[in-house]
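Engineer: The structure's right below; bear with me while I get my questions together.
The values are calculated or read from the model by the stated rules, or taken from the named source; none is laboratory data. Source: prediction; values computed, not measured. Cβ placement follows ideal geometry from the backbone for every residue including glycine, while neighbour counts extend to all protein chains displayed.
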């Protein structure tokens with residue numbers, strides 16, 4: 001039984017030409033060389049050669065991007081979709097290594113009589129096979145993979161069988177070749193960005209738009225923070241697309257828009273992008289970028305647009321709103337606002353004051369400029385005080401602390417939670433702030449350790465008696481380690 005990689009040409013949809021058989025062979029070296037128990041040959045499809053026109057092995061392999069072929073012989077059986085057995089032999093051959101010996105086929109290993117499963121894989125130039133979502137037990141006409149096939153071999157002392165398989169050639173967008181000779185290979189080609197399973201040459205009349213955006217020069221600022229509901233994309237004033245804020249890839253900055261394409265006649269054009277509100281009214285000035293479409297080659301517009309504060313039609317005026325929490329353990333995501341993990345005289349150990357330093361990109365803002373308000377955990381309102389170095393301190397708060405409305409550009413913040421003069425918890429790095437029209441910025445403070453121990457003023461415990469339901473370790477209350485049953 002022979003299982004082929006695929007019965008159809010995946011590029012054109014036509015049947016694979018039967019005449020494109022590729023015979024590869026390696027000469028046997030001398031009379032003392034062990035004789036193979038079987039031979040293997042394979043055929044590849046270049047996806048473009050007309051029916052009945054044969055390609056040489058070198059042409060065929062180079063056309064479809066297969067560098068070498070690996071043959072793995074296994075002893076075992078299929079248990080459902082899983083193969084249960086062991087590898088007996090693995091060998092590789094150059095894809096274009098043609099030889100008239102052995103009936104134009106490559107030799108397998110010398111084996112004891114019996115039943116074997118043989119996996120044939122085409123390899124990339126890197127030496128890796130193409131990914132396959134099917135197990136070897138699933139491969140067949142209805143479950144194919146790129147450049148991969150399986151055949152069952154029966155070894156006897158009397159026969160030297162030849163097993164011929166068909167390897168499905170890689171799609172042009174995953175063959176490592178600049179098929180349309182436009183200087184872009186595979187995933188860098190416009191057509192492949194649009195359709196990774198298609199042909200590079202399908203892009204002659206396609207213009208691809210790969211754009212991304214940033215707001216106020218900060219990775220922390222998302223569209224809703226600055227009143228942008230959608231992004232309006234136009235070509236020469238005609239709408240190309242309206243991209244809602246939730247369609248952006250917000251996992252990395254700059255935020256990438258969905259890939260767009262358009263079929264345009266050759267000529268010169270102007271692309272524009274504008275931030276708009278829910279009524280599609282402009283919130284920003286448009287960015288415009290000229291581009292041209294060539295008759296023989298696709299256009300490929302790749303741009304990042306940074307909507308800085310001067311591009312907004314009206315100033316962005318919002319307060320800074322802060323919620324701080326203490327990460328009492330390295331795995332904690334949030335925690336209490338002021339209380340540490342230990343107790344003295346039955347009372348929880350708490351931070352005394354928060355110290356913050358807010359900068360506008362060049363210099364710190366003082367207490368008067370920020371106008372901070374909020375409730376203190378000990379009761380009453382916080383009373384901000386200017387400290388040295390641009391810091392502002394206030395009583396540890398019970399909830400959100402707000403500034404007066406500020407005109408936004410770029411703001412960064414550092415926070416320390418202190419007992420006396422010691423910083424017990426801090427923000428791990430300078431944090432970019434974003435306007436928060438609907439909520440507060442959540443800041444998690446991490447414990448300060450000198451070696452493995454907090455500063456003396458920040459001790460949570462000196463014995464287990466200072467911890468509730470926990471144990472004291474390095475002057476920090478931690479969860480008990482479960483006792484082993486072993």
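Engineer: Which is farther than 19 Å from residue 154 by Cβ, out of contact with any strand residue (DSSP E or B) (no Cβ under 7 Å at 6 or more places or on another chain), assigned by TED's automatic domain parsing to the domain that holds residue 134 and at pLDDT below 95, of 67, 96?
Structural biologist: Result of the check over 67, 96: 96.
Engineer: Just need a number here: residues in the stretch 333-358 that are in a strand (DSSP E or B) and within 40 Å of the chain's Cα centre (by Cα).
Structural biologist: Matching residues across the stretch 333-358 total 8.
Engineer: With the structure loaded, tell me whether residue 324 is in a loop (DSSP other than H, G, I, E, B), touching a residue at least 40 places away in the same chain (Cβ under 8 Å), closer than 18 Å to residue 427 by Cβ and under 31 Å from the mean Cα position of the chain (by Cα) or whether it fails that test.
Structural biologist: Considered against the rule, which asks whether it is in a loop (DSSP other than H, G, I, E, B), touching a residue at least 40 places away in the same chain (Cβ under 8 Å), closer than 18 Å to residue 427 by Cβ and under 31 Å from the mean Cα position of the chain (by Cα), residue 324 comes out as no.
Engineer: Next up: Just one of 465, 421 is surrounded by fewer than 16 Cβ atoms within 10 Å (Cβ to Cβ) and closer than 30 Å to residue 366 by Cα; which is it?
Structural biologist: Just a single option satisfies the conditions, and that option is 421.
Engineer: Also: Could you say which residue among 283, 289, 276 is more than 30 Å from residue 405 (Cα to Cα) and more than 26 Å from the chain's Cα centre (by Cα)?
Structural biologist: Step by step, each of 283, 289, 276 is checked, and only 289 is more than 30 Å from residue 405 (Cα to Cα) and more than 26 Å from the chain's Cα centre (by Cα).
Engineer: Restricting to the stretch 135-173, and then to whatever is without any contact (Cβ under 8 Å) to a residue 60 or more places away in the chain and farther than 18 Å from residue 117 by Cβ, can you tell me which residue is surrounded by the most Cβ atoms within 10 Å (Cβ to Cβ)?
Structural biologist: Applying the filter and picking the extreme gives 173.
Engineer: When you scan the stretch 408-426, how many residues do you find that are closer than 18 Å to residue 387 by Cα and touching a helix residue (DSSP H, G or I) at 6+ places or on another chain (Cβ under 7 Å)?
Structural biologist: So the answer is 4.
Engineer: Mind checking which residues of the stretch 116-127 are closer than 11 Å to residue 147 by Cα and either within 24 Å of the chain's Cα centre (by Cα) or surrounded by fewer than 16 Cβ atoms within 10 Å (Cβ to Cβ) (or both)?
Structural biologist: 124
Engineer: So, in the stretch 295-309, exactly how many residues are out of contact with any strand residue (DSSP E or B) (no Cβ under 7 Å at 6 or more places or on another chain) and either surrounded by 11 or more Cβ atoms within 10 Å (Cβ to Cβ) or not assigned by TED's automatic domain parsing to the domain that holds residue 226 (or both)?
Structural biologist: The number of residues fulfilling the criteria is 3.
Engineer: Another one. Which one is surrounded by the most Cβ atoms within 10 Å (Cβ to Cβ), of the residues in the stretch 195-234 that are modelled with pLDDT under 75 and more than 13 Å from residue 172 (Cα to Cα)?
Structural biologist: In this case the residue turns out to be 206.
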